Protein chains: 2
Amino acid sequence: MSSELRKDPFSDGWIIVSPERSKKPTDFIQKTQELQNSGKKCPFCPGNEDETSVEIRSVGRPQNGSKSEWDLRVVANRFPALKIENSLVLKNLNRVHNQIGGVGAHEVIIESTKHDGELWSFSDEERYKILEVYRERVEDLYRDKRFVYVQIFRNFGEIAGASLVHPHSQLIAVPTIPKRAMEEIKASKHFWETYNNCLFCEKIYENKKINERIICETKNFIALEPFASRFPFETWVLPKNHSSNFSEIKSKDLAELSKILGETLTMLKNALNNPPYNLVIHTSPNSLHTKYENIENFFHWHIEIIPRLSSIAGFEWGTGFYINPVSPEEAAKFLLNSLVRN
Amino acid sequence: MSSELRKDPFSDGWIIVSPERSKKPTDFIQKTQELQNSGKKCPFCPGNEDETSVEIRSVGRPQNGSKSEWDLRVVANRFPALKIENSLVLKNLNRVHNQIGGVGAHEVIIESTKHDGELWSFSDEERYKILEVYRERVEDLYRDKRFVYVQIFRNFGEIAGASLVHPHSQLIAVPTIPKRAMEEIKASKHFWETYNNCLFCEKIYENKKINERIICETKNFIALEPFASRFPFETWVLPKNHSSNFSEIKSKDLAELSKILGETLTMLKNALNNPPYNLVIHTSPNSLHTKYENIENFFHWHIEIIPRLSSIAGFEWGTGFYINPVSPEEAAKFLLNSLVRN
């Protein structure tokens with residue numbers, strides 16, 4: 001195919017799909033990397049609980065169990081980007097410079113006792129427990145009126161920003177609606193007002209209609225390569241039934257999500273040889289705060305997985321355009337074929 | 001200082017300035033790296049002109065000179081993200097999927113015959129010639145109505161996306177106003193309508209008033225670390241006198257720009273040991289196109305330099321927030337002190 005520009009329906013951005021710049025999807029298969037092993041003791045392994053900051057939650061610790069008996073722990077980040085005790089005061093230093101105290105929460109979810117595990121390698125039940133803790137933490141933090149948005153994210157691999165190998169995810173609660181969330185909210189609000197339908201639901205419908213870009217599907221969930229993928233093999237997982245708030249997900253659906261997420265990550269892992277990636281959950285902001293009426297009608301929570309295979313350079317920083325050398329159609333085919341190969 | 005959130009006045013974004021996550025600016029000093037030398041012959045060195053694509057412009061070639069006599073060349077990118085011959089037709093595939101043919105231009109500016117040179121190491125006269133070609137290319141491409149915006153950018157170092165060592169910059173002409181340009185235009189339009197002043201001019205004024213975050217100044221230009229810097233040591237160079245269109249810069253000012261740009265890059269190079277960086281020029285869109293009346297009053301062209309010292313991880317992708325571990329005040333002090341040290 002010749003290169004083309006695709007409009008990102010969730011923002012004001014455009015994507016350049018430019019397959020001519022790269023030869024084939026196989027160019028993105030990663031070299032096998034040894035696990036980083038710094039020789040230092042891992043602060044997330046059982047027995048090293050004193051190396052972590054305050055424990056916020058644990059799962060699987062028996063009553064009267066020792067502190068090193070657990071399946072999963074949530075701890076405060078030792079180097080928090082934001083802190084609960086900071087104050088939420090807007091200072092207008094002048095007409096161009098405005099600041100707020102760095103109020104927020106920054107937590108680490110230690111997903112397992114298995115140092116060498118990964119989100120794809122866990123059993124559906126183990127992954128379910130992790131997702132259950134995500135749900136619980138968002139629900140809990142949204143009780144604090146100051147936290148307008150909770151971003152759950154997972155960095156896998158050094159290139160993707162992970163400084164520790166032991167499987168973990170993080171969350172940061174922030175006192176304003178983040179830019180990217182705001183863009184998605186505005187775009188889906190506009191679409192809803194124009195067409196009286198959810199932008200995300202319609203996106204799922206359009207992909208299913210022509211059965212393109214879909215890599216995995218269950219009764220209630222779908223995993224696909226978005227039409228305007230910013231990155232090679234960018235993958236989204238969405239509930240098929242409209243739902244705006246991830247923390248309201250039912251346990252039955254959470255079990256199904258665990259399954260499709262495991263399958264999706266396994267496909268990426270097999271096809272691209274364990275690529276570094278970022279995973280983020282986009283959900284609706286704290287309802288104690290949001291001024292968007294009817295947001296439950298037009299916003300649709302989802303998971304975005306971004307394999308870190310290409311670098312972001314001056315053009316992308318300068319413009320907000322992304323150049324994607326692999327079309328999502330080709331990426332989906334390659335992922336599906338890898339199922340056959342493995 | 002404790003962490004704080006700063007509003008980016010040029011977009012809807014926020015920056016978390018979080019100095020507690022890093023110890024000190026010296027943590028960002030780069031390890032000395034050998035120049036990449038793949039053993040292949042450099043396609044940008046004199047004598048290898050056949051290795052490059054179509055020559056669009058050359059500087060310094062004598063009349064009847066051979067093709068390898070030049071000071072500077074502009075060539076088409078061999079793997080163009082966009083192409084002039086593609087067609088500019090908007091296709092609405094459905095209500096969520098829209099595309100345009102990949103029409104545009106993608107050029108490489110080979111800045112010098114010196115394989116081991118760098119933008120900071122060139123003489124003011126050599127750098128002047130490069131800036132002069134930037135000006136000329138923007139002016140020329142803006143004669144084509146299809147090109148709504150020209151992004152000039154420079155990637156230095158592998159981490160910053162440069163695949164070749166030989167000093168070069170690039171430009172891409174695109175058929176829509178890019179997201180980041182649009183954000184700056186909208187924000188500065190809003191500021192102008194509210195306060196009857198240019199947002200950028202006011203930013204310069206506020207920094208000068210308290211003499212903070214400024215790292216370099218000449219009669220008509222200023223280099224500073226923006227209040228809401230997204231990245232450690234993010235540096236902007238701006239004309240002090242209001243001007244919206246880079247390609248209208250007078251030659252006298254271009255000479256002064258060459259000087260301050262050289263000094264600024266030398267400071268970054270000395271302080272951080274030759275860091276990888278991206279440089280972008282933000283100018284106003286093609287006036288044959290823009291629907292913004294009075295844009296010459298409220299938009300202000302400038303150069304953004306982004307040293308690539310920290311990685312972008314899930315939180316940043318998920319939210320559009322940036323976590324900057326070095327405050328711009330501290331960064332400016334460190335850069336100024338490095339002048340004393342060197």
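The values are calculated or read from the model by the stated rules, or taken from the named source; none is laboratory data. Being a predicted model, the structure only gives us computed values, none of them experimental. Here the Cβ positions follow ideal geometry from the backbone for every residue, glycine too, while neighbour counts run over all protein chains shown.
Could you run through segment B:88-102 and say how many residues are more than 8 Å from chain A (Cβ to nearest Cβ) and either under 20 Å from B:V54 (Cβ atoms) or part of a strand (DSSP E or B) (or both)?
Of the residues in that region, 3 qualify.
Being in contact (Cβ under 8 Å) with a residue 24 or more places away in the chain, over 25 Å from A:L72 (Cα atoms), assigned to a loop (DSSP other than H, G, I, E, B) and β-branched (V, I, T) narrows it down to one of A:I204, A:I177, A:I185, so name that one.
Details: A:I204 fails: assigned to a loop (DSSP other than H, G, I, E, B); A:I185 fails: assigned to a loop (DSSP other than H, G, I, E, B).
The match here is A:I177.
Given the conditions (1) in contact (Cβ under 8 Å) with a residue 24 or more places away in the chain; (2) under 26 Å from A:V96 (Cα atoms), which single one is not true for B:D253?
Answer for B:D253: the failing condition is (2).
Of the numbered conditions (1) within 12 Å of chain A (Cβ to nearest Cβ); (2) within 30 Å of B:K24 (Cα to Cα); (3) not hydroxyl-bearing (S, T, Y), B:L272 fails exactly one; give the number of that condition.
Every condition holds for B:L272 apart from (1).
Inspect segment B:28-40 for any residue being within 30 Å of A:G104 (Cβ to Cβ) and either under 27 Å from the mean Cα position of the chain (by Cα) or at pLDDT 80 or above (or both) and give the result as yes or no.
Looking for residues that are within 30 Å of A:G104 (Cβ to Cβ) and either under 27 Å from the mean Cα position of the chain (by Cα) or at pLDDT 80 or above (or both), one finds at least one in segment B:28-40, hence yes.
A:R180 - would you say it is basic (K, R), within 14 Å of another protein chain (Cβ to nearest Cβ) and in contact with a helix residue (DSSP H, G or I) (Cβ under 9 Å, 6 or more places away or on another chain)? It would help to see each step written out before you state the result.
Values: basic (K, R): yes; within 14 Å of another protein chain (Cβ to nearest Cβ): yes; in contact with a helix residue (DSSP H, G or I) (Cβ under 9 Å, 6 or more places away or on another chain): yes.
Yes, satisfied.
Return the residues of segment A:45-87 that are within 14 Å of chain B (Cβ to nearest Cβ) and over 26 Å from the mean Cα position of the chain (by Cα); say none if nothing qualifies. Explain how you work it out, then say what you get.
Filtering segment A:45-87 for residues within 14 Å of chain B (Cβ to nearest Cβ) gives A:53, A:76-87.
Selection gives A:E85, A:N86, A:S87.
I'd like to check something: does segment B:155-175 contain any residue that is of a type in the set (D, E, K, R) and either closer than 30 Å to A:S188 by Cβ or touching a helix residue (DSSP H, G or I) at 6+ places or on another chain (Cβ under 7 Å) (or both)? Write out each step before concluding.
Pass one, segment B:155-175, residues of a type in the set (D, E, K, R): B:158.
Still in the list and also either closer than 30 Å to A:S188 by Cβ or touching a helix residue (DSSP H, G or I) at 6+ places or on another chain (Cβ under 7 Å) (or both): none.
Within segment B:155-175, none of the residues are of a type in the set (D, E, K, R) and either closer than 30 Å to A:S188 by Cβ or touching a helix residue (DSSP H, G or I) at 6+ places or on another chain (Cβ under 7 Å) (or both).
Residues that are more than 28 Å from B:H190 (Cα to Cα), among the small types (G, A, S) and buried (at least 23 other Cβ atoms within 10 Å of the Cβ): does segment B:270-281 have at least one?
Yes, there is a match, as at least one residue in segment B:270-281 is more than 28 Å from B:H190 (Cα to Cα), among the small types (G, A, S) and buried (at least 23 other Cβ atoms within 10 Å of the Cβ).
Residue-wise test of (1) touching a strand residue (DSSP E or B) at 6+ places or on another chain (Cβ under 6 Å); (2) modelled with pLDDT under 95.
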position: B:T218; (1), (2): no, no
position: B:W236; (1), (2): yes, no
position: B:T283; (1), (2): no, no
position: B:Y292; (1), (2): no, yes
position: B:A313; (1), (2): yes, yes
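Which one of these is buried (at least 24 other Cβ atoms within 10 Å of the Cβ), touching a helix residue (DSSP H, G or I) at 6+ places or on another chain (Cβ under 9 Å) and in contact (Cβ under 8 Å) with a residue 12 or more places away in the chain: A:F334, A:F298? Full working, then the answer.
Numbers: A:F334 fails: buried (at least 24 other Cβ atoms within 10 Å of the Cβ).
The match here is A:F298.
Of the residues that make up segment A:119-130, is at least one under 30 Å from B:R308 (Cα atoms) and either over 19 Å from the mean Cα position of the chain (by Cα) or of a type in the set (A, V, I, L, M, F, W, C) (or both)? Before the answer, list the steps.
Residues of segment A:119-130 under 30 Å from B:R308 (Cα atoms): A:119.
From the residues that got through so far, the ones that are either over 19 Å from the mean Cα position of the chain (by Cα) or of a type in the set (A, V, I, L, M, F, W, C) (or both) too are A:119.
The answer is yes; a qualifying residue exists.
Considering only residues of segment B:120-159 that are part of a helix (DSSP H, G or I) and of a type in the set (K, R), which is nearest to the other protein chains (Cβ to nearest Cβ)? Break it down stepwise before answering.
Looking only at segment B:120-159, we keep the residues that are part of a helix (DSSP H, G or I), and these are B:124-141.
Filter once more, so that each one left must be of a type in the set (K, R): B:127, B:129, B:135, B:137.
Details: B:R127: 17, B:K129: 20, B:R135: 17, B:R137: 15 Å.
Among those that are part of a helix (DSSP H, G or I) and of a type in the set (K, R), it is B:R137.
For B:V54, which of the numbered conditions (1) touching a strand residue (DSSP E or B) at 6+ places or on another chain (Cβ under 9 Å); (2) surrounded by 15 or more Cβ atoms within 10 Å (Cβ to Cβ); (3) over 28 Å from B:L265 (Cβ atoms) fails to hold?
Of the numbered conditions (1) touching a strand residue (DSSP E or B) at 6+ places or on another chain (Cβ under 9 Å); (2) surrounded by 15 or more Cβ atoms within 10 Å (Cβ to Cβ); (3) over 28 Å from B:L265 (Cβ atoms), the odd one out for B:V54 is (2).
Please list, ordered by first then second residue, the pairs with beta carbon atoms under 6 Å, 6 or more apart or interchain, first in segment A:310-324 and within 21 Å of A:L272 (Cβ to Cβ) and at the interface with another protein chain (Cβ under 7 Å from one of its Cβ atoms), second assigned to a loop (DSSP other than H, G, I, E, B) and at pLDDT below 90.
So the pair list comes out as A:I323/A:S18; A:I323/B:A81.
Okay, residues lined up against (1) surrounded by fewer than 17 Cβ atoms within 10 Å (Cβ to Cβ); (2) small (G, A, S):
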{"site": "B:K7", "(1), (2)": "no, no"}
{"site": "B:S11", "(1), (2)": "no, yes"}
{"site": "B:P43", "(1), (2)": "no, no"}
{"site": "B:E49", "(1), (2)": "no, no"}
{"site": "B:P80", "(1), (2)": "no, no"}
{"site": "B:N92", "(1), (2)": "yes, no"}
{"site": "B:R95", "(1), (2)": "yes, no"}
{"site": "B:N98", "(1), (2)": "no, no"}
{"site": "B:G102", "(1), (2)": "no, yes"}
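List every residue pair whose Cβ atoms sit under 8 Å apart, with the two residues 6 or more apart in sequence or on different chains, where the first one lies in segment A:277-288 and is more than 10 Å from every other protein chain (Cβ to nearest Cβ) and the second, anywhere, is aromatic (F, W, Y) and in a strand (DSSP E or B).
These pairs meet every condition: A:P285/A:Y149; A:N286/A:Y149.
If you go through segment B:191-211 one residue at a time, do you hit one that is surrounded by fewer than 19 Cβ atoms within 10 Å (Cβ to Cβ) and of a type in the set (A, V, I, L, M)?
Scanning segment B:191-211, I find at least one residue that is surrounded by fewer than 19 Cβ atoms within 10 Å (Cβ to Cβ) and of a type in the set (A, V, I, L, M), so the answer is yes.
Taking the criterion of being more than 16 Å from the chain's Cα centre (by Cα), in a helix (DSSP H, G or I) and not basic (K, R), would at least one residue in segment A:223-237 satisfy it?
No, that holds for no residue.
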